[in-house]
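Below: the structure, in structure tokens.
Derivation of every value follows stated rules applied to the coordinates shown; laboratory data play no part. Bear in mind the structure is a predicted one, so any value in this text is a computation, not a measurement. Glycine gets a Cβ as well: all are built from the backbone with ideal geometry, and neighbour counts include every protein chain shown.
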């Protein structure tokens, strides 16, 4: 016997007695009732429905079955508790316009007024419960769940609504199993094994009480890993399930708790004599006290009157959680007010006027308040406003499970505000933290989700963002590129400004190059000082002292111009570095070229009848150097005028950093400057090479040849090194080429002379120089 259902029936009796004792509702009218037990069986429910429609006689009137017996047909029916029997009854009763008000049938399909025009209910539709359950699952962050349902209209329609709402919330279902209590036990075992093997730690059970009880008993034999149960209103507040400890921490929505004054006293006001008047109460009494009322049960002791119903602790006597019972209370009041609206006026009631169709129309307009203060009304679908309590199974001080309200859901509130929490939840195993149930852990920022092939969208791999891309949200579906001048951090969850790279003064490489540059300039000035001090010595005078000093001056500028390549490029520094480099090097090569020509002319001057030196004396030497230099100056002016070098942020060469460099402006101008220097160097090399074996004690052409060979080698290797060097090293290569070629010139041309001047003064004589020439002539 389902004692909870017995309490529902007795609650209807109590409500009718309460209405009959009122003077403002149905005055002078006594409501009667008839209670039938459908045993949650569709055939039985249909049989009872036909009896109600045809008359209350237990045998059908087969001669005039479509005409209701006068005074026999009922004006309204309260029930059924289950959805499937209610559907069967509603289809048939609707044909006769007999209103049916259910207190516990929640199937969303019953809201269809075209199919069920005479059906009403005081409990919300599963459409609202399914949406509330999906919102709750999403609220707690569960994206990987299992689902099990009753293989009935209640379970199938309810689970369909839930799965649709869950899909909209981005929730994935690992499995969805169904079972009905009359199916073979092998089906129940298969469902239990699916639950045991699943990886989802949250299970939504849209089950009627009968199927839920069988499933829990089967799982008890071989308990699965701890599961977080989410229950529908059918079983989540059924006290009969509190004995299953595996459901500790379960949560689910239920009808709000209520108080019905006087109901408990009515339920306990039951004597053996009253129990004998009803077969249901007789069975309840005998099963509760294990005795027989006047020998109605063979083999059992006879009840002796010492039985105390107040000492019983079962579902029938437990009125601490009146939830669905209040729906019975409201349904009874709804029918009473509908009848009152049809047969009563302001002063009296006419009990002869009770046509069901009129009561059906009146029931649609019912808007009343029960004695315990609850509003009763129906919308156009015959449904009430959906209001739920969120129930949590918590262990009380006595160590037993109890129902605790921890939140609320009100469908009448604005969208997004329907769900609210009021107190802490005790989860499975008594945990205080929300259990996790996901197919895949959240993808942190810096990664994106990649769905695993053949699995639901909740099962995915976390793929790091590609180079240059970021994701700054958890569970990002894709990564996005950083702006051109930004680059991802190491975690790839934000874009940072790219570091700007240039050859700065505090760079170690810059310091080394600066030291070499200053050292070279110091050497050139030192050589100039030595030459100036010994300017009247034969070796200085023999090597064209004027061009030597001009060459040393230009070499000093060459060493110092390399410093213009160091530091942050600006508009002025970019123009200065290239033009200063080009002009100073041409001045330097021009001086070397002049010295080479002087050597050749000096040799020709020693030949009989030659006056070569007349045509290349000091004025011509100065003019040649000036002419060669002015040509480079002209090239540089044209370059600066047409398309000058300027600072340039190179973001294409390297993805992760910006190279701040001097853009050439005109490539033609840059290569014209280098080409002119190369042309003069090559010309100087050829002339020096031709004069390398001239008879002279101190043949300067040999050293010029070596210096030009070094110069050309440096600048030939500079081109591929310049093109292939990364970032700031491009500038470093250019500085190295300037310094290397400058050192080559000063070492090859001036170091031998300084060595003789300082360390071999005995060779720094005109006699020695002339003697060397004489020996070669012989």
Inset, instruction - Note the direction-averaged projected area, equal to a quarter of the hull surface, for the Cα convex hull of the range 440-562, in nm². - result: 12.5
Legend entry - Principal-axis tilt of helix 571-605 within the chain, Cα atoms, nearest 10 degrees: 30
Legend entry - Compactness of the range 243-342, expressed as Rg and Dmax over alpha-carbon positions, Å: 17.8, 53
Inset, instruction - Scale the Cα Rg of the chain by the rule-of-thumb value 2.2 N^0.38 Å and send over the ratio, two decimals. - result: 1.92
Legend entry - Reciprocal of mean inverse Cα separation for the range 388-510 (Kirkwood radius, Å): 19.4
Legend entry - Full-extension gain in nm, residue 432 to residue 455, via 0.36 nm per residue minus C-alpha separation: 5.1 nm
Legend entry - FRET efficiency, 1/(1 + (r/R0)^6) with R0 45 Å, evaluated for residue 623 and residue 500 via beta carbons: 0.45
Inset, instruction - Apply the Debye scattering formula to the range 111-239, with a single equal point scatterer on each alpha-carbon and no solvent, then give log10 I(q)/I(0) at q = 0.16 Å⁻¹. - result: -0.79
Legend entry - On Cα atoms only, tilt of 324-343 relative to the major axis of the chain in degrees: 60
Legend entry - On Cα atoms only, tilt of 700-724 relative to the major axis of the chain in degrees: 10
Legend entry - Where N is the number of residues in the range 326-427, Cα Rg divided by 2.2 N^0.38 Å: 1.52
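Taking every pair of distinct Cα atoms and averaging 1/r, then inverting, what Kirkwood hydrodynamic radius in Å comes out for the range 261-318?
11.8 Å is the Kirkwood radius here.
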Inset, instruction - Could you quote the convex hull projected area for the range 447-497, Cα atoms only and averaged over all directions, in nm²? - result: 3.4
Legend entry - Helix-only CD estimate at 222 nm, as mean residue ellipticity for the chain, using -39500 (n - 2.57) per DSSP H run (n ≥ 4): -15000 deg cm²/dmol
Inset, instruction - Can you figure out the FRET efficiency of residue 31 with residue 406, using R₀ = 51 Å and their beta-carbon distance, to the nearest 0.05? - result: 0.85
Inset, instruction - Given the peptides 145-156, 490-501, 12-23, arrange them by the average over their residues of other C-beta atoms within 10 Å, most packed first. - result: 145-156, 12-23, 490-501
Legend entry - Extension gain (nm, one decimal) between residue 423 and residue 653, 0.36 nm per residue minus Cα-Cα: 76.9 nm
